[in-house]
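Peer 1: Okay, here's the structure, questions in a sec.
The values are calculated or read from the model by the stated rules, or taken from the named source; none is laboratory data. As the structure is a prediction and not an experimental result, all values here were calculated from the model. Every residue, glycine as well, gets a Cβ built from its backbone with ideal geometry; the counts of neighbours run over all protein chains shown. Only protein heavy atoms, including side chains, enter the accessible area calculation; ligands, DNA and RNA are left aside. Shrake-Rupley method; radii C 1.70, N 1.55, O 1.52, S 1.80 Å.
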Amino acid sequence: DVDGCLDDYTNFRDRVLADALVSCYTGCSKFYLESCGSAIEEFCQANPSPHLPFQLEAALFCMIVVSERASKAPDKQILCGQLEKMIYALANNSFSTATSHPLVMAKMCRFINKYATSIPSCQTKDAFETASDLVFSSFTRGINDYNKHGQLASMNGISPLSEASNAFKRLLCSSPAQFSTPAARSALEDAWKMPYSCQQIAIEDREMLCSGLCSVIISLPSEQWNVSLDALAQPILSCLNVVTKEADQVTGSARALGQCENDVAPIMNRLSNEIRLLAAVVRCFIQAGISQNFSGENRVLIIACHRNALVSLLHKSWPCLTHIGNKYCSHEVIAASIGQFLTDSLSLYGSEEELPLLLEITGLAKISLSVVAKAKNPLSLGPLLSFMQKFISLHGTKIEPSPRNNAVNEPIQVMAKNLMLISYEAVRSCKTSQHDDVSQGIVAPMFDTLTSCAKKCPIFLLSLSRDSQPVGEVVRSSIETAPATLKSNEMNVVLSSIRFLKELVSSLTSLSLESLDDAQRDAISSVIAVIEHAVQTDVIATAITSTCAGISPREVIEPLTNLMRVILTLSQWSAIEASVSAAIDCGQFQLGDEAKSVAFETFKVCTESEYVSANFEKMILVMWEMHQNDDTGSIAGGEAVLDFVQKYKKQPTK
């Protein structure tokens, strides 16, 4: 269709044509595979023409769309035979005609990616090596022609380099032993270092290659892991040191501030990318170890080797990262990458003997948080709050006050308190110094952090306060803001505040204060009383109005209803009666007095029952829906309201 656009063609191809091709394969898989094999072989041997690259790309597309089914076929003999035929045909073309076209290179790499787990099963053992050579050549050509092929990616969503990186990862992960020979490892090392002579390569492509290389390293004998991981990280650490010195020189110069900022921005981006890549090394090597599922007599020793290789890498990176965090964490890109690195490193702490490592990780977090708090930049604070949430989620039980924890984990308890208070002060300063729409970006991650505290270390949370402030200052302040956040226009803010309130109220139902002395118990009890009063008044009233009067969007009705269920389970009717009445009597409730009476009675019955049935949730949703359809008789006196009253009055929640 000459009048159609590229998007229309792509949508047709990916949906309609792809479904038709899958049906063809299902009908006769042998004929389909042989036809594709013959077509690819023919196009690779044909004389050059303007249409040839697109014909070859189409043939590769036909193989890609059936890859999921073909790779799962019980008998792979026909598939592997055709894969060999296709791979050798592509290799014999030697990028001389059709395969030199960037669109074909990208599609060829995607083809190899899709069949990476099947290629090692080919009878001809060098099929895998040939496929790897094709991907490596595409990777090299993609780097050399990155600027030109980047335009292709923006038009079609693909590029030879990105597709080669993806394929490299799949090949490396599917058969890492194939790449453990000295020659293969030398080629991989060249590919890994190549981006340092071409700095424009996307960080996502480098992360993809990193994942595959970690799969190769983990396939080596465990005694080689430390040296190999250090070799993988060495270009990153060297680059970080060089670029950090450059940043120090630029920021320390006497240039005008505006010019200095212009000079610093690309340097910060480069630092951020290298830190992000270092985080990928840590994360991917951890994941590679998990996928290995270490077992056998030497399991403990192997696990220790795996961990020691990572710890050694972390120790080598601390001096540079500490300097960067201390000087440049106010920059958003630096805060984001350091936050990612810290988050990925957290899971390395596994036992009490490794407490110094956890203190090192949280120490860098403290430095970074302090810098961000002083800068009052909410966009820099968000990633570090995400680290805090992960930290509490993983290690919150060690923070909770108890006789055993107090003796063993006191250093991390002190560090956790410092980190939480710095985070709290940073959030307060950002909210007061920025416009609401800017500061909203830190509300959700702060609530998520508090949610983890309520779940993992509720007593720690209830007692958390700054010097000279009332016990429980942090949670008191959070509860005070809850009614406003429940009505926020930002969905993530609403949902995160609901999660926090629900987890906090749930923790109170099973909280034990027996391990505390009398003074501590009295102080915590006073905080609990404040929380209970807040959720039984302002919070539940806001939740009722938002749901029953149809104010909140549909996405939050179920979470808000679940929050109300938890509050009702905790409460006596006398404690919430006035709030329920005021909420139902609000001006936004349009269903009339009989519906009000039914709703009021339902809330009352819920507090007097041992549990809140599913009927309660259905009733709330019906009221919300009627407020969305006031033109169909849902207002007071309408048929829908009369049906509602009859149904829920006759069948009250029990």
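Peer 1: Among residues belonging to region 397-424 that are open to solvent by less than 80 Å² (accessible area, probe 1.4 Å) and charged (D, E, K, R), point out the one that is farthest from the chain's Cα centre (by Cα).
Peer 2: GLU400
Peer 1: Kindly check whether there is at least one residue in region 498-516 that is over 15 Å from ALA454 (Cα atoms), part of a helix (DSSP H, G or I) and among the β-branched types (Val, Ile, Thr).
Peer 2: No, that holds for no residue.
Peer 1: Kindly provide the set of residues from region 74-121 that are more than 20 Å from ALA58 (Cα to Cα) and open to solvent by 20 Å² or more (accessible area, probe 1.4 Å), ordered by number.
Peer 2: Result: PRO74, ASP75, LYS76, GLN77, ILE78, GLY81, THR117, PRO120, SER121.
Peer 1: Consider SER330 carefully, then state whether it is in a loop (DSSP other than H, G, I, E, B) and modelled with pLDDT of 90 or more.
Peer 2: yes
Peer 1: Among the residues of region 52-72, is there at least one that is hydroxyl-bearing (Ser, Thr, Tyr) and free of Cβ contacts under 8 Å to residues at least 40 places away in the same chain?
Peer 2: No, because not a single residue in region 52-72 is hydroxyl-bearing (Ser, Thr, Tyr) and free of Cβ contacts under 8 Å to residues at least 40 places away in the same chain.
Peer 1: While we're on this one: Taking the criterion of being under 30 Å from VAL427 (Cβ atoms) and either among the small types (Gly, Ala, Ser) or open to solvent by less than 20 Å² (accessible area, probe 1.4 Å) (or both), would at least one residue in region 287-303 satisfy it?
Peer 2: Among the residues of region 287-303, not one is under 30 Å from VAL427 (Cβ atoms) and either among the small types (Gly, Ala, Ser) or open to solvent by less than 20 Å² (accessible area, probe 1.4 Å) (or both), which makes the answer no.
Peer 1: For the structure I just gave you, tell me whether GLU189 is within 18 Å of ARG276 (Cα to Cα), in a helix (DSSP H, G or I), within 30 Å of the chain's Cα centre (by Cα) and not basic (Lys, Arg).
Peer 2: No, not satisfied.
Peer 1: Considering only region 266-308, state which residues are within 24 Å of the chain's Cα centre (by Cα), closer than 17 Å to ASP230 by Cα and aliphatic (A, V, I, L, M).
Peer 2: Within region 266-308, ILE275, LEU277, LEU278, ALA279, ALA280, VAL281, VAL282, ILE286, ALA288 meet the criteria.
Peer 1: How many residues are in contact (Cβ under 8 Å) with a residue 24 or more places away in the chain and either polar (S, T, N, Q) or open to solvent by 50 Å² or more (accessible area, probe 1.4 Å) (or both) if we restrict to region 205-227?
Peer 2: Looking only at that region, the number is 7.
Peer 1: With part of a helix (DSSP H, G or I) and more than 35 Å from the chain's Cα centre (by Cα) as the only criterion, which of LEU60, LEU83 stands out?
Peer 2: Being part of a helix (DSSP H, G or I) and more than 35 Å from the chain's Cα centre (by Cα) holds for just one of LEU60, LEU83, which is LEU83.
Peer 1: Let me ask something additional. Would you check which residues across region 174-183 are part of a helix (DSSP H, G or I) and crowded, with 17+ Cβ neighbours inside 10 Å and list them?
Peer 2: Within region 174-183, SER174, PRO176, GLN178, PHE179 meet the criteria.
Peer 1: Looking only at region 122-132, count how many residues are open to solvent by 40 Å² or more (accessible area, probe 1.4 Å) and in a helix (DSSP H, G or I).
Peer 2: 2
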